[in-house]
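None of the figures in this text is laboratory data; all of them are computed from the coordinates on show. Remember, it's a predicted structure, so these values are computed and weren't measured experimentally. Virtual Cβ from ideal backbone geometry, glycine too; neighbours counted across all protein chains shown.
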Amino acid sequence: MSGADGIIREVATVTAWPETPLQAVTQDPGTAKVAGRPMDELEEKLLVGAPARGPRRSKVLAISLGTCLGLLFLWWLLPNAGLVNPLLLPDPFDVAEGFGKLLAADVLLHHLSVTMTEIAYGFAIGGTIGFLLGTILGTIPFVRRVLSPYILALQSLPKVVLAPLIIGALGFGIESKVATAVAICFFPLMINTMVGLTLAAAEPMKLMRSLGASRLQIYTKLRLPVAAPLIMVGFKHSVLLAFTGALVAEILVGSSEGLGRLIAIYNQQILMDLAFAVVVFLAAIAVTAVMLLDYLDRKIIFWREDKAGVK
Amino acid sequence: MSRPATNTATIMDPVRTPVTDSTAPVFEVENLYKVFHTDSGAVMALRDVNLDVRPGEFLSFVGPSGCGKSTLLNIIAGLLPASSGEVRFKGRPIDEPSRDIGMMFQTSVLFPWRTILQNVLMPVEIFGWDKKEYTPKALELLEAVGLESFVKAYPSQLSGGMQQRASLARVLLYDPEVLLLDEPFGALDEFTRENMNLELLKIWTQTGKTVIFVTHNINEAVFLSDRVVVMTPRPGEVARVVDVGLPRPRRLEVMKDQRFGELVFEIRELLGVA
């Protein structure tokens, strides 16, 4: 390290680097300066107290809330104006009442836990398979080339059609629901992991190789972080598809448990207020899950706004 | 085109004191050919390149885009195999990257998920060296390149020039004998680039490292180098190795020198752009 010591002493004494990052002007008009001298009137008008661009947060929130209320009103209007049979489409108040009934009878929690268990197992297994397959495909070009027609075929297949076959093979227990969730949810994580792992640019790869980095080091220190934003997108899709898989299997199977089953039963009995209440409940859970995942996404991949990637 | 000027003489540049005892070449490039096989057929990127790189010298490769100067650099770095011929690094054929050879690229290649300090320490991490031991040195180097207040910043918070300075600190931290610089300041604006060039010269003078510098900027090559390797369009051959011989230390005023203009013009003629 003898050489580096020399530079440190030498360079430190010589140059004041001319480049400085862009700095905001002091916000206090009395002391504000431009280019080291006090501002004139126009400069002050332009620089100090200038409004931030774009609509305010509160405005966005108001419009967003207004849209929600508008849609609820439309929902209320359809059955109440006689446009749709109220027996088939109960209005929001009926559904809220139905939700109250479900809470009073304490049925939701049991079925929720059944469904969530299926989803959890389904995603844990499907997600792991998807990530591992994606890693193999993304890091071994030969395997990717050999298997790409099959991946394309798999991509084109609406995987919901597998549900009856899986149920036929595995029966009416939790296995068939988990297996359906696995079959439907592994794909986005696999494909996004695969694509993400191939995204590392030429110069970062050259840098890693010039440092003599091992394949594993290149994977953990470069390829995986580069792939992370796409993997997170795949992760979110996979979680939601695990919901779909488990619920589809529940609805198709003649079993007695799960939120999907509950919807099917209420539907058959034309208890539409209850069926809709369960649907709204499910929607709320799914939205919560997505928001949680978005939050995790922002925390883990904090550099996402840096669109240029590795520079 | 003329045959490559194979320069096997290892007489040191008279204007600089040799920094290494040995006068044996650092790199010997012998009858080097490189052919790329593409979907549209085979392309010869380099043809019969012969070259010696002297210890401690500042050598530039100049040539038009696509003349294979970056390819030559990558082969010298041990990143690409030769199709025929050989590159020897300190007498031994080079077939894989070495820690004694450090590289810089046109982009700074800083990882956006790492802070500047973490980026600078990355090579140490890859070598499996003790990061704690190197942290004080990394901080000193960052201070030396004027980034002391950006140690914990992320690359996206830095300007292009500052990013390249971080990248320079990264390669200096593990102190390789040789620096291979592939148009390192090519993406920067003219003023920042001149500034970076002056700093690079300073570092080179201080450390006595051997520097190979790839550029398509003739002025830059003449200003920085002891010798300029002028390359022909594809297939890349060495048209001539031009000895610069301008006195050192060099300041920007050297560009007003008549000899500077003559050298630039000579190289322009060799490149067919006079």
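A Cβ-based charge dipole, computed about the Cα centre of the protein assembly as shown with Lys and Arg at +1 and Asp and Glu at -1, lands at about 440 debye.
Take the Cβ atoms of residue A:298 and residue A:270, set R0 to 56 Å, and the FRET efficiency comes out at 0.80. The relative contact order of the range A:200-287 comes to 16 percent, based on Cα pairs under 8 Å that sit 6 or more residues apart.
Bridgeable aspartates and glutamates around residue B:152 (alpha carbons under 20 Å apart, same-chain partners fewer than 8 residues away excluded): A:19, A:305, A:306, B:125, B:130, B:133, B:140, B:143.
What percent antiparallel are the DSSP beta bridges of the protein assembly as shown, to the nearest 5?
Values: 23 of 42 bridges.
In the protein assembly as shown, approximately 55 percent of DSSP beta bridges are antiparallel ones.
Test of understanding: what is the full-extension gain from residue A:136 to residue A:216, defined as 0.36 nm times their sequence separation minus their Cα-Cα distance? Please report the intermediate quantities before stating the final value.
Working: separation 80, 0.36 × 80 = 28.80 nm, distance 1.27 nm.
Between residue A:136 and residue A:216, full extension yields 27.5 nm more.
Computed over the range A:154-311, relative contact order equals 26 percent, with contacts defined as Cα pairs under 8 Å that lie 6+ residues apart.
If contacts are Cα pairs under 8 angstrom and at least 6 residues apart, what is the relative contact order of chain B in percent?
Numbers: 515 pairs, mean separation 69.0, N = 274.
Over chain B, the number comes to 25 percent.
If you take the beta carbon distance between residue B:86 and residue A:47 as r and set R0 to 56 Å, what does 1/(1 + (r/R0)^6) give as a FRET efficiency, to the nearest 0.05? With R0 = 56 Å, the Cβ-Cβ based efficiency is 0.35.
Structure shown: which of B:69/B:209; A:101/A:159; B:69/B:202; A:59/A:236; B:131/B:202; A:206/B:202 lie over 31 Å apart, alpha-carbon to alpha-carbon? Flagged as over cut-off: A:101/A:159.
Please average, across the residues of B:200-208, the number of beta carbons from any other chain that are within 10 Å of each residue's own beta carbon, and give a whole number. Intermediate values should be presented prior to the final figure.
On the way: counts 0, 0, 6, 6, 1, 3, 9, 7, 3.
Mean number of neighbouring Cβ atoms from other chains: 4.
For the range B:194-274, what is the Kirkwood hydrodynamic radius in Å, using each pair of distinct C-alpha atoms? Before the final figure, lay out each step's value.
Working: mean 1/r = 0.0750 Å⁻¹.
The Cα-based Kirkwood calculation yields 13.3 Å.
Simple point charges give the picture: +1 on the Cβ of Lys and Arg, -1 on the Cβ of Asp and Glu, and for the range B:34-113 a dipole about the Cα centre of about 120 debye.
According to the Cα-based calculation, Rg over Rh for the protein assembly as shown is 1.12, with Rh computed by the Kirkwood formula.
Over all residues in A:199-205, what is the mean tally of Cβ atoms on other chains that come within 10 Å of each residue's Cβ? Kindly include the intermediate steps, with their values, before the conclusion.
Working: counts 0, 0, 2, 2, 8, 5, 2.
Counting Cβ atoms of other protein chains within 10 Å of each residue's Cβ and averaging gives 3.
Length gained on full extension, residue B:100 to residue B:153: 16.2 nm, using 0.36 nm per residue less the C-alpha separation. Packing, taken as the mean count of other beta carbons within 10 Å per residue, orders the peptides A:222-229, A:149-156 from highest to lowest as A:222-229, A:149-156. Sorting the segments B:238-250, A:171-183, A:288-300 by their mean number of nearby beta carbons within 10 angstrom, highest to lowest, gives A:171-183, B:238-250, A:288-300. Put simply, when A:139-148, A:209-218, B:154-163 are sorted by average Cβ atoms within 10 angstrom per residue, most first, you get B:154-163, A:209-218, A:139-148.
Just tell me how shielded B:73-83 is by partners: mean number of partner chain Cβ atoms within 10 Å of each residue's Cβ, no decimals. Shielding by partners across B:73-83 averages 1.
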